[in-house]
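Report on the following structure.
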Amino acid sequence: MECISVFDMLKIGVGPSSSHTLGPWRAAERWLTELNEQKQLQEVVKVSVKLYGSLSLTGKGHATDVAVVLGLLGKDPVTIPVDEIPGLLETVKTEKKLLLGGLKEIPFDFQPDIQFLREFLPFHANGIRFEAELSDTSSIMETYYSIGGGFVVKESLENAQENKGIFKSFPFPIETGADLLAFCASENKSISAIVLENERALRTDTEINTDLKRIWDTMLECIYTGCHTQGILPGGLQVKRRAYDMHQKLKGTLPYSNPVEWLNTIRETEVRFRQIIKWVSCFALSVNEVNAALGRVVTAPTNGSAGVIPAVLMYYLVIENHDGNFEDIKKFLLVAGEIGSIFKKGATISAAMGGCQAEIGVSSAMAAGALTELMGGTPEQVLCAAEIAMEHHLGLTCDPIGGLVQVPCIERNAMGAIKAINAAELAMDTDPATTKVPLDKVVNTMWETAKDMNSKYKETSEGGLAVGVFLSDC
């Protein structure tokens with residue numbers, strides 16, 4: 001049974017894609033770590049990288065080559081100042097060399113040393129192969145797979161770096177929604193309380209609180225940045241940022257100077273029904289505009305769907321409960337993370353395997369369930385909300401124009417957030433005993449739908465809007 005922490009589901013990283021950017025970045029880091037452990041890093045004289053399947057077909061638009069190089073440089077996506085990235089890349093391109101792992105300088109040229117191959121490897125659609133030539137003329141090779149949400153594996157899920165040795169520590173091992181509800185019933189605890197007990201097997205309360213606060217602070221900073229940044233998104237589609245203009249129309253005239261003051265300012269603003277929809281949309285758009293510009297976001301559960309959960313959590317704080325505090329944020333993130341892990345275990349969170357239902361659909365389900373607990377819903381109603389949200393994303397394709405996480409990805413986050421709120425409201429008025437579709441059934445259905453979908457609708461830019469709209473039309 002795969003064991004997944006909340007902090008595996010909610011990772012801090014750099015956009016625009018968890019599977020195509022963060023995953024390859026982490027794969028490069030992991031490869032360097034293994035080389036170092038084997039005392040081979042200092043013997044490397046040349047490196048080449050091959051990208052397969054979806055990583056190849058949409059890798060340029062997702063900045064996969066950029067992520068690989070940053071990983072080979074030994075940079076950390078959690079801490080790297082994002083404004084330094086262009087300079088680092090320009091240095092590699094002009095000097096045609098890089099400091100491998102920050103330790104050894106080797107020759108490197110983007111064009112021949114990173115190859116985009118249309119071939120799909122059998123294990124997963126997102127394959128990446130690293131090869132190193134050593135000083136004794138021998139060579140070594142390793143293949144990794146980016147399976148969504150920044151998770152990286154080799155030829156089996158047991159090789160997932162995040163999961164090693166964790167499962168045996170959890171007091172409440174959860175594979176399905178039914179498992180989760182059984183533990184809630186036997187322990188007479190909420191979902192967030194059960195999840196918290198599992199996290200305590202891995203971290204102290206202080207560490208849990210610190211890490212969750214870091215995640216929330218990153219989300220809030222991301223929303224704030226998106227709402228206060230104008231311009232055109234990179235990549236060639238000439239997509240204009242919209243969150244800035246929406247925010248200017250909504251915010252009023254109350255003064256503020258930082259994200260926390262800004263949050264309190266919004267709470268003081270009189271918000272009517274139409275404005276609620278606009279605010280939620282603004283929050284979601286802002287996050288994914290930052291993501292599209294290679295900014296720092298939180299995978300939730302992926303970068304492409306990073307705007308849904310923060311937008312719904314902001315909705316709770318600025319609309320539903322002006323007295324909402326860190327304890328509410330903590331519960332929300334714990335519940336959201338657990339729901340996401342159930343989808344990952346029973347289906348997928350990789351758009352290359354499941355289409356956009358695996359990203360926006362899962363994020364909407366995560367947000368809907370988390371909001372329902374904060375609104376006083378029972379564990380059964382929480383899972384009912386998650387089921388409703390996913391049910392109405394089934395079959396959603398992943399067809400980004402130009403391979404960029406922009407159109408239709410940014411708007412889909414706004415739609416996913418609104419659906420999550422709607423699903424929570426429906427669940428709160430539902431007797432779970434009367435529901436016809438339990439969460440586990442919709443998880444299974446999502447996976448079966450994913451397997452039935454034509455591959456061209458699963459992050460290949462070979463179908464849907466990706467070919468229905470020509471770049472010259474944009």
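Let me confirm something: among V66, V47, which residue is modelled with pLDDT of 95 or more and under 22 Å from L237 (Cβ atoms)?
On the way: V47 fails: under 22 Å from L237 (Cβ atoms).
Among V66, V47, only V66 is modelled with pLDDT of 95 or more and under 22 Å from L237 (Cβ atoms).
Given the criterion in contact with a Leu (Cβ under 7 Å, 6 or more places away or on another chain), more than 30 Å from L70 (Cβ to Cβ), surrounded by fewer than 24 Cβ atoms within 10 Å (Cβ to Cβ) and of a type in the set (D, E), identify the matching residue among E268, E320, E327.
On the way: E320 fails: in contact with a Leu (Cβ under 7 Å, 6 or more places away or on another chain); E327 fails: in contact with a Leu (Cβ under 7 Å, 6 or more places away or on another chain).
The match here is E268.
Could you list all residues from the range 376-423 that are assigned to a helix (DSSP H, G or I) and of a type in the set (S, T, N, Q)?
The initial filter retains those residues of the range 376-423 that are assigned to a helix (DSSP H, G or I), namely 379-391, 401-403, 409-423.
Within the range 376-423, Q381, N413, N422 qualify.
Quick check on the range 102-141: of everything there that is of a type in the set (G, A, S) and over 25 Å from the mean Cα position of the chain (by Cα), which residue is nearest to L51 (Cα to Cα)? Before you say what the answer is, go through the steps one by one.
In the first step, residues of the range 102-141 are kept if they are of a type in the set (G, A, S); the result is 102, 125, 127, 132, 135, 138-139.
Keeping just the survivors that are over 25 Å from the mean Cα position of the chain (by Cα) gives 102, 132, 135, 138-139.
Values: G102: 23, A132: 15, S135: 25, S138: 22, S139: 18 Å.
Ranking the qualifying residues of the range 102-141, first place goes to A132.
How many residues are in contact (Cβ under 8 Å) with a residue 12 or more places away in the chain and over 30 Å from the mean Cα position of the chain (by Cα) if we restrict to the range 27-46? Reasoning before the result, please.
The first filter runs over the range 27-46 and keeps only residues in contact (Cβ under 8 Å) with a residue 12 or more places away in the chain, leaving 27-32, 34-36, 40-46.
The next check asks that each one be over 30 Å from the mean Cα position of the chain (by Cα); those that pass are 40-46.
Of the residues in the range 27-46, 7 are in contact (Cβ under 8 Å) with a residue 12 or more places away in the chain and over 30 Å from the mean Cα position of the chain (by Cα).
Which helices (runs of 4 or more DSSP H) does the range 171-231 wholly contain that include 3 or more residues that are under 22 Å from the mean Cα position of the chain (by Cα)?
Passing ranges, in order: 191-200, 205-227.
Taking the range 419-444, which residues are under 13 Å from M375 (Cβ atoms) and in contact with a Phe, Trp or Tyr (Cβ under 7 Å, 6 or more places away or on another chain)?
Scanning the range 419-444 gives a single hit, I421.
Is it the case that the range 247-255 has a residue that's crowded, with 20+ Cβ neighbours inside 10 Å, at pLDDT 95 or above and not charged (D, E, K, R)?
Of the residues in the range 247-255, the ones crowded, with 20+ Cβ neighbours inside 10 Å are 247.
Still in the running and at pLDDT 95 or above: 247.
With the extra rule that they be not charged (D, E, K, R), the set shrinks to 247.
Yes, the range 247-255 has at least one match.
Answer yes or no as to whether A185 is surrounded by fewer than 19 Cβ atoms within 10 Å (Cβ to Cβ) and of a type outside the set (S, T, N, Q). I'd like the intermediate steps shown before the answer.
Working: surrounded by fewer than 19 Cβ atoms within 10 Å (Cβ to Cβ): yes; of a type outside the set (S, T, N, Q): yes.
So A185 passes the test.
The values are calculated or read from the model by the stated rules, or taken from the named source; none is laboratory data. Keep in mind that this is a model prediction, so the values were computed, not measured. Reconstructed Cβ throughout: ideal geometry from the backbone, glycine too, with neighbour counts over all protein chains shown.
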